[in-house]
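Taking it in order: structure first as structure tokens, then the write-up.
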Amino acid sequence: MKKVPLPDPSDEQEEFSSILMDIGLRRNVAKVLTYLAGVDEATSRDIETNSDLRQPEVSIAMRELRELGWISERDEKNPGKGRPYRIYRLEKNIDEIINYLEDQKLQEIERTMRQIERLKELRNVEARGI
């Protein structure tokens, strides 16, 4: 595995993660996504350490990201004894992920606006005494 220098958490990374949470991603998913966007690949342990998450939080986030098709994983043999370790990387680039999130929010807004329009229609029916 190619070692990647670990980025220092920056204000921009914190803001990026915070915005992801504001638009609906869970904290663990937002933090993992933010970290993976800044490295070529990482082990689960790298992600835990650099995202300030516990192992179960990373596992849950990885499952969600895998289901979305946003990450890929591979096993790499441990140089010593023991189990192989899993290496993760983003399968989609961050721009594709942002575009997906944008599309999801636009669809949500459209649904909400249709519901509001329906409420107005129903209010008008009520006002006429029907």
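Bear in mind these aren't lab numbers, they're just calculated from the coordinates by the rules spelled out. All values derive from a computational prediction rather than experimental measurement. Cβ placement follows ideal geometry from the backbone for every residue including glycine, while neighbour counts extend to all protein chains displayed.
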> If each residue's Cβ is checked for other Cβ atoms within 10 Å, how do Thr112, Thr34 rank with the fewest at the top?
Replying inline: Thr112, Thr34
> Under a Cβ-Cβ cut-off of 12 Å, what is the net charge of the residues other than Glu96 that fall near it, where Lys and Arg count +1 and Asp and Glu count -1?
Replying inline: -3
> Per the Debye formula with a single identical scatterer at each Cα and no solvent contribution, what log10 I(q)/I(0) holds for the chain at q = 0.12, 0.22, 0.23 Å⁻¹?
Replying inline: -0.55, -1.34, -1.43
>> Going Cα to Cα from Lys81, which aspartates and glutamates come in below 14 Å? Please leave out same-chain ones fewer than 8 positions away.
In response: none
>> Taking the beta-carbon count within 10 Å as an exposure proxy, list Val32, Val39, Val125, Val58 from fewest neighbours to most.
In response: Val125, Val39, Val58, Val32
